[in-house]
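I have placed the structure first, in the form of structure tokens, so that the comments after it can refer back to it.
The values are calculated or read from the model by the stated rules, or taken from the named source; none is laboratory data. From a predicted model like this one, the values you see are computed outputs, not experimental measurements. Cβ sites come from the backbone with ideal geometry, for glycine too, and all protein chains shown count toward neighbours. We work out accessible area using only protein heavy atoms, side chains counted, and drop any ligands, DNA or RNA first. Shrake-Rupley method; radii C 1.70, N 1.55, O 1.52, S 1.80 Å.
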Amino acid sequence: MNRPIRFVSLARAVATRRHPWSARRAAISSALLLTAGLATSATAATQFSAFIEPEQIVGTTPTASGYGTATATLTGGPGTWVFSYVADFFGYDFGAYMVPFVTTGTSPADGQPSDSATTASLLDDVRNFHIHTGARGATGPVAYSVRAPDRENGVEPNVEIQLLGPTHARITGTWDIADGQVGGTNEQTRAGNLDFWAPIMMAAQPGTEIGLYFDIHTNAFPGSEIRGQIVAVPEPGTWALMLGGLGLVACTTRRLRTA
């Protein structure tokens, strides 16, 4: 009478022929578990993206036609975190107010014409670019702001704005420890504290939203014209590990079929 086989390792399962179906199931299960383990053991989330659109604005019917896309990377450690972003916007004039402010620290008064405008309309002029706290469907305080007076510490971050067309602009910058209020536990004082937000970002599973969003403010919609929830994306190394694990599953299956 045949004795039941105990699965000890992937190699032993592949070599076993007494119970081919049980060996096959055990080997494939082992490979799948290894694939999952590779994915979950990868480094914490440090890559993020956002699609910035009028449909995510809370409390009003979207009427804006512009949009934006953004990618971001979290680097550093406690006390030295840096959230570096690159955001492209389409359908807006960043030249009227944002470019003068970033380059000189001053800009025309709100609603006034600007010599550096890239379109004739005043309505599409961007007044500010923010990162806010808040989940989708909710609004929250500013965590990071490019333009004063609502900067938490009054010091402008490292920001560059490229005008790539009359209504296409790319804004590149960093949100770091110096840019926000530090200390405190309530929502207002922790809003810009990267030491608070970094662990939340890193704990986010790929494809899930975190409680932060990008938005821009214009003359037409000074409260907020478009916004986009920030989403964790898989690390490049995670993709490589998962693909390697799936390759192991395919190889295991092929070997068992020919055994």
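The table for this structure:
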| read-out | value |
| --- | --- |
| For Thr46, solvent-accessible area (1.4 Å; no DNA, RNA or ligand), Å² | 30 Å² |
| With all protein chains modelled, accessible area of Val142 [1.4 Å, Å²] | 30 Å² |
| Area accessible to solvent at Arg170, 1.4 Å probe radius, in Å² | 80 Å² |
| Total formal charge among the other residues, if their Cβ is under 14 angstrom from that of Gly111, Lys/Arg +1 and Asp/Glu -1 | -3 |
| Approximate spin-label separation Ala120-Arg136, in nm, with each point projected 7 Å along Cα-to-Cβ | 3.9 nm |
